[in-house]
Each structure stands twice: as structure tokens, then as C-alpha cells.
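Taking it in order: structure first as C-alpha cells, then the write-up.
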Amino acid sequence: MVWHVATVLPRFDCISKGCPQGSVLGTTLWNIMMDTLVRDLRGTAGCVAYADDLVEMYKGYSRRELCATAAAVAEVLNSWCITNRLTISPSKSAILQFGGDFNRNNPVKCKLFGRYVKTVQEWTYLGVVLDNKLLFREHVKAINTRAYTVINTIAPIAKRQYGKRPATLNALYQGVYVSMVSYAASVWAPSVLRNKRQQYMVNAAQRRALVLLYGGYNSTSWEAMTLAAGVLLMHLKLAQRAARYHRKKGDHEKISILLNCQPQVFTRSRVEEELSQASNEIWTTSPKGDHLRGISPTIQDRLRSSWLKAHYWNIPFLTSHDPFASCLHRMHLRDSYGCDCG
């Protein structure tokens with residue numbers, strides 16, 4: 001392998017291992033090198049590689065079978081690394097066992113370069129926290145905290161720079177918060193949609209972000225806050241992002257599972273219709289948001305009201321959590337509901 005180094009006097013260097021970082025062909029050359037490892041592992045284990053992050057997947061019906069397969073995979077990795085003069089860090093590697101009974105005292109063991117690889121119950125790969133039962137609880141906690149921290153940092157700066165305009169607030173919400181939370185939604189959204197507790201977690205975190213951006217009291221319910229802002233509940237937004245991904249892949253069966261409806265060919269309008277029906281069911285059966293329900297009886301009514309822009313001065317009134325004495329008294333923030341002037 002020859003690499004042209006552009007210095008004062010151009011020269012040619014022989015690359016005996018690895019790939020030059022920052023070069024134009026570095027990524028292509030690395031893919032060619034990794035392709036040999038993927039071919040060597042074919043038939044032994046499934047392989048997923050992204051840059052230099054490698055995941056080996058294999059199954060077994062007993063601990064002995066899993067250990068034997070892990071040893072065969074480790075042998076291939078050791079041989080490939082020796083051939084290409086590379087090393088794999090055992091301290092940055094881990095074994096994560098899915099399904100079955102996980103015995104911490106007797107886990108699956110595997111040696112890599114003479115050192116045992118640790119066995120874990122959760123591991124982060126490409127920004128997604130995987131756990132041994134694929135419940136994604138820790139991922140939901142981590143992504144909610146991360147997204148709220150970011151929006152809490154940039155929202156005050158953006159408001160001082162560009163003002164509290166509705167377009168600015170919506171761009172911050174959609175471009176920052178929704179993008180962060182819905183990352184890889186096709187992987188973990190089904191788990192959220194099956195678990196009421198996780199739905200509550202993502203919706204509660206969404207409410208905090210909306211209150212931070214658009215204003216309002218912390219006691220405002222997430223049903224009223226999302227409708228006043230004109231956005232979908234977060235667990236339905238995750239379903240929307242995941243359904244769009246599966247629709248591009250042509251996997252309509254997974255969309256029907258996500259939306260809990262009969263299998264069919266889903267168009268984009270059909271997906272939006274199913275999500276609107278789910279939103280209306282939540283909104284009409286919720287005991288909260290009576291004041292706003294009189295203005296927008298359905299989700300479609302709110303989304304069609306393009307003239308009603310969510311803003312820090314109208315959110316308190318839309319959610320019936322306004323700064324007047326009667327509301328403050330109802331929320332136990334004032335001793336009486338009367339005006340100070342009598």
C-alpha cells in the first residue's frame with residue numbers, strides 16, 4: 001500500500017499496517033480491510049461493522065455452545081489482527097447476552113489476546129444503550145436526560161439572539177429535541193410503545209422541554225402542553241419516525257405492529273391518519289385540558305389552526321394555567337382568588 005504524503009518535497013511512504021487517518025481514501029481502504037474479516041467470520045457468526053466498531057452476533061442453546069462459538073470468533077479475530085498488524089482492546093470490548101437465564105456467577109467467557117472479555121448487562125453501541133432483555137429502559141433515561149440538557153443550554157441563548165418568535169421555538173424543538181430523542185427510533189420505539197411506563201417517561205420529558213421553550217407552568221399536563229404547542233405526543237412521534245423508516249424499507253408488517261392495526265400497504269397519508277386517530281383517542285379520553293378541548297376538540301382541529309402559533313404569551317391561557325388570581329389560587333400559589341384591588 002503506497003500513500004502520497006504532500007509535504008514540502010512530495011515523497012512516497014509504504015503503509016505496512018492500518019490506514020492513514022484523514023486521507024481521502026482512508027475510509028475506502030479501511031472498508032476493504034474490514035471486508036476480509038467479515039468474510040472470514042461468515043458461517044461462524046453474524047457481523048455488523050461501522051467504521052472500527054465491530055459487533056459479532058451468534059446464538060446457542062447452552063452456555064457450552066455459546067462459549068465454543070465465542071472461542072471460534074476470538075480465534076478468527078486474533079488471526080486477522082496478527083495478519084494486519086492490528087490489535088483489539090479487550091478493555092473496550094464486552095459480551096452482552098440476550099435472552100435466557102443470565103447467571104452473573106457463571107457468565108459466558110471468552111479470551112481475546114490472552115485476556116478475558118468482560119460480560120455486561122448493558123452496552124452502548126452507536127449511541128443506543130442495549131440491555132440484555134432489549135427493554136431499552138436505560139436508553140430512554142439517557143436520551144431524555146441528554147436531550148433536555150442540550151435544549152436547556154441552547155434555548156436561553158437562542159431566545160436572546162433571535163427573540164422568542166414561534167418559528168425560532170419550533171425550529172429548536174424539531175431540529176434539536178425531536179432529532180435527538182428520535183435517533184434510531186426504528187430500533188427502540190417498539191419497546192416504548194409496548195410499555196406504558198416508558199411512554200410516560202418520554203412524554204413527561206417532552207413536556208419539560210416544551211415548558212422550557214414555550215413557557216407555561218410546570219403543573220401543565222403533557223396532554224394540554226403538546227396540543228397547545230401543536231405537536232404529537234413523543235411516543236407517537238417515535239412511532240411516526242419508525243414507521244417512515246420501515247416504509248422506505250418496504251416492511252409494512254412492522255408498521256402494522258407499531259401502529260397496532262391490520263397489515264396493509266401503508267402510504268404516508270395512511271400512517272398519519274393512524275397516528276391522528278391514536279392522538280384523538282388519548283385527547284378525548286383524557287380528564288385534563290378541558291379548557292383547550294373547548295377550543296380544539298380534536299387533534300386535526302389544532303393542526304389545521306395555522307393562525308394559532310405557540311408562543312410564551314398564549315401558552316398559559318391555552319392550557320388554563322394563566323397568571324390570574326383565580327388560577328394561582330387553584331394551584332395553591334395564592335391565598336385568595338380575588339384581585340388585590342378589591
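The values are calculated or read from the model by the stated rules, or taken from the named source; none is laboratory data. Everything numeric in this text was worked out from a predicted model, so none of it was measured. Ideal geometry is used to build each Cβ from the backbone, glycine not excepted, and the neighbour counts take in all protein chains shown. Note: accessible area is taken over every heavy atom of the protein model, side chains too, but ligands, DNA and RNA are not part of it. Shrake-Rupley method; radii C 1.70, N 1.55, O 1.52, S 1.80 Å.
Values computed for the structure shown
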read-out	value
Subset tally (residues that are of a type in the set (A, V, I, L, M) and buried (at least 16 other Cβ atoms within 10 Å of the Cβ)) for the range 121-141	4
Residue match in the range 241-261 (condition: assigned to a loop (DSSP other than H, G, I, E, B) and open to solvent by 70 Å² or more (accessible area, probe 1.4 Å))	yes
Residues of the range 306-326 satisfying the condition of being open to solvent by 30 Å² or more (accessible area, probe 1.4 Å) and either over 21 Å from residue 208 (Cβ atoms) or modelled with pLDDT of 70 or more (or both)	306, 307, 309, 317, 324, 326
Tally, over the range 175-185, of residues that are touching a Lys or Arg at 6+ places or on another chain (Cβ under 8 Å) and surrounded by fewer than 19 Cβ atoms within 10 Å (Cβ to Cβ)	1
Test: residue in the range 3-16 that is at pLDDT 75 or above and in contact with a strand residue (DSSP E or B) (Cβ under 6 Å, 6 or more places away or on another chain)	no
Helices (runs of 4 or more DSSP H) enclosed by the range 125-204 - at least 1 residues per element that are among the basic types (Lys, Arg) and within 30 Å of residue 96 (Cβ to Cβ)	137-162, 185-194
Which numbered condition residue 218 fails, given (1) touching a Phe, Trp or Tyr at 6+ places or on another chain (Cβ under 6 Å); (2) outside any helix (DSSP H, G or I); (3) surrounded by fewer than 21 Cβ atoms within 10 Å (Cβ to Cβ)	(1)
Inter-residue pairs, beta-carbon under 6 Å, first closer than 19 Å to residue 48 by Cβ and in the range 68-89, second part of a loop (DSSP other than H, G, I, E, B) and modelled with pLDDT of 85 or more, 6+ apart	none
Enumeration of residues in the range 46-83 that are open to solvent by 90 Å² or more (accessible area, probe 1.4 Å), under 24 Å from residue 19 (Cβ atoms) and aromatic (Phe, Trp, Tyr)	50
From 171, 189, 167, residue being aliphatic (A, V, I, L, M) and under 12 Å from residue 140 (Cβ atoms)	189
Count of the range 266-299 residues which are open to solvent by 60 Å² or more (accessible area, probe 1.4 Å) and either within 18 Å of residue 235 (Cα to Cα) or in a helix (DSSP H, G or I) (or both)	12
Any chance residue 87 is open to solvent by 90 Å² or more (accessible area, probe 1.4 Å) and touching a Cys at 6+ places or on another chain (Cβ under 8 Å)	yes
Neighbours by Cβ (under 6 Å, 6+ apart or cross-chain): first from the range 130-154, within 11 Å of residue 209 (Cβ to Cβ); second of a type in the set (Asp, Glu) and open to solvent by less than 50 Å² (accessible area, probe 1.4 Å)	none
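Residue by residue, here is whether (1) modelled with pLDDT of 80 or more; (2) of a type in the set (A, V, I, L, M) holds:
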| residue | (1), (2) |
| --- | --- |
| 199 | yes, no |
| 211 | yes, yes |
| 233 | yes, yes |
| 241 | yes, no |
| 255 | yes, yes |
| 271 | yes, yes |
| 287 | no, no |
| 293 | no, no |
